[in-house]
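A short worksheet on the structure shown next.
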Amino acid sequence: MFKKHLPPPREPPHPFRTLFISHNGGMAGAQQTLLTLLQGLNRHIISPYLFVPGRGELSKCAADANVPITVGNIIHWAPCVAEVRKENRQWHRRKMLASLRSRVHAIARLIDREGIDAVYSNTVTFVEGALAARMTGKPHIWHIHEPIYGNSELLPLIPRWLYVTGLRLLSTHAIFPSQALAREYPGLRTNHSVVHNGVKLPYPYDRISARTQVASRWNIDPSKNWVAVVGAIQPRKDHHTFLAAAQKVASKRPDVHFLIVGTGAEHYVRALEKQVAGFNLADKVTLTGWCDEPAMVLAAIDVLVISSEQESFGLTAIESMAVETPVVATRCGGPEEIIGNNRDGYFVNVKDAHEMANRILLLLEDPERRRRFGEAGRAKVLERFTEERYVRSIENILVNAVSSP
């Protein structure tokens, strides 16, 4: 863990050239934290270069931040289940291994050509960057955002011991967003740091203005209370339990509207729409799809719910607390290091729709409690979860990795 106040790293004679590698070009939680880092780095200390497998929102935003970009090829050694079915596991493993050498050599050539001093792999789902760093004799930092095993969204291709051995041998340093996730990787405990994610703090939002904008965008009655889940639509997020809790809340409070903000695979979205219809909640639940202004939504709602089965950190928790909206979260890992139960939010057990509904109702029925929790949450973010703290912590790790003999 890092000390409460981190001094800035000493500026080197020349910036350290660091190759940051993303597992894809989208903008889910891991990519958001990488973009926060790329935008916030002190360019006198770290000169960033981004390698990304495909153009997308991440490369667009990185280019806007004047980060040079190379688009190349990565095949995940722990692919997403939405991309590879279990029956295709052996085929994908053969494909991944057959072209691994050429992919690693391509990154190694980039390292040599661009004078890269360190390689930073942003997620554990690919190994090309780590192998290229080993080939070129450069330090490799692995920022691990997810467990491989026990993760309903990933399909491991090789035995657990091979992942553990590879991670240990190919990591100069590992970064985890929470102690909960670090415990999933005991083989890396001797050479790792826990760096909580950070957010760029907005000014306190005008909640009335935010509600007006959200009501207009999705045609939602602004006179009602709003409860939302915000984030990717994936099995691990367990929106089904959220909808079960919504049904219980709606039976007692007809003045509540529920939002599911985010995108996901079409069959996941269709399953949620079917559940909404089955619960007779069609007029009380809005699936908004993609939203490019999550802070506005979080400021507009009355309660944020994190219904996940597992969270390595819980970025939406600090984003919500930053705009003074209280959180009801499951005891799913990362959020337990963020939220103070009965101080700035509430915890409920995983898949407990009854308890979730009760905590939502408790907040909805007590505006003063919501105000108090919101203020306490923002104060905590200001102290512990700022973008500045997050970026400076990782800068220190990078400088130490390059400077160490």
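Using a ≥ b ≥ c from the Cα gyration tensor of segment 207-384 (square roots of the eigenvalues), is it rounded, prolate or oblate, where a/c under 1.5 gives rounded and otherwise the larger of a/b and b/c decides, a/b for prolate? Intermediate results must be reported in sequence, preceding the final value.
Values: a/c = 1.35, a/b = 1.19, b/c = 1.13.
Since a/c stays below 1.5, the shape of segment 207-384 is classed as rounded.
Could you list, bin by bin from short to long, the percent of Cα-Cα pairs of the chain in 20 Å steps?
Values per bin, smallest distances first: 27, 56, 17, 0.
Express in whole angstrom the spacing between the alpha-carbon centres of segment 287-324 and segment 362-402.
13 Å
Which order, highest average first, do 333-342, 58-67 follow once you tally other Cβ atoms within 10 Å for each residue and take the mean per peptide? Can you show the working numbers first?
Values: 333-342: 19.8, 58-67: 16.2.
Descending packing order for the listed peptides: 333-342, 58-67.
Which one, His44, His257, His76, has the greatest fluctuation when you compute a Gaussian network model over the chain with C-alpha springs under 10 angstrom?
His44
Restricting to bridges with both residues inside segment 207-384, how much of the DSSP beta-bridge set is antiparallel, in percent to the nearest 5? Please report the intermediate quantities before stating the final value.
Details: 1 of 23 bridges.
Given both bridge residues lie in segment 207-384, the antiparallel proportion sits at roughly 5 percent.
In whole percent, what relative contact order does segment 283-388 give with Cα contacts below 8 Å and a gap of six or more residues? Walk me through the intermediate numbers first.
Working: 152 pairs, mean separation 28.4, N = 106.
The value is 27 percent.
With both partners inside the chain, how many of the DSSP beta bridges are antiparallel, as a percent to the nearest 5?
5 percent
What is the total of Lys pairs in segment 207-384 with C-alpha atoms under 30 Å apart, excluding same-chain pairs fewer than 8 positions apart?
Taking segment 207-384 as the scope, the lysine pair count is 23.
Contour minus end-to-end for His267 and His105, with contour as 0.36 nm per residue of separation and end-to-end as the Cα-Cα distance?
Details: separation 162, 0.36 × 162 = 58.32 nm, distance 3.73 nm.
Value of the extension gain: 54.6 nm.
Below 8 Å, C-alpha to C-alpha, sequence gap of six or more: please give me the relative contact order for segment 207-384 in percent. Please report the intermediate quantities before stating the final value.
Numbers: 318 pairs, mean separation 41.5, N = 178.
Answer for segment 207-384 is 23 percent.
Taking only Cα atoms and a 10 Å spring cutoff, compute GNM fluctuations for the chain and point out the largest among Phe16, Phe279, Phe373.
Residue with maximal mean-square fluctuation among Phe16, Phe279, Phe373: Phe279.
Assign one of three labels to segment 248-304, namely rounded, prolate or oblate, based on the Cα gyration tensor with a ≥ b ≥ c the square roots of its eigenvalues; rounded applies when a/c is under 1.5, prolate when it is not and a/b is larger than b/c, and oblate otherwise. Mind dumping the intermediate values first?
Values: a/c = 2.93, a/b = 1.06, b/c = 2.76.
Because a/c hits 1.5 or more and a/b fails to exceed b/c, segment 248-304 counts as oblate.
May I ask which residue of Ala282, Leu361, Leu155 lies farthest towards the positive end of the charge dipole of the chain, with charges of +1 (Lys, Arg) and -1 (Asp, Glu) on Cβ and the Cα centre as origin?
Farthest towards the positive end: Leu155.
Please figure out what share of the DSSP beta bridges in segment 33-173 is antiparallel and state it in percent, rounded to the nearest 5. Mind showing how you got there, number by number?
Details: 1 of 9 bridges.
Approximately 10 percent, going by the DSSP bridge assignments.
Could you give P(r) for segment 118-254, binned at 5 Å from zero, as whole percent values over all Cα-Cα pairs?
Bins of 5 Å from zero give 2, 8, 13, 14, 13, 11, 9, 9, 8, 7, 4, 1, 0 percent of pairs.
Values in this text are rule-based calculations from the coordinates and carry no lab data. Not measured: the values here are computed from a predicted model. Methodologically, a virtual Cβ is constructed for each residue, glycine included, from the backbone with ideal geometry; neighbour enumeration extends over all protein chains shown.
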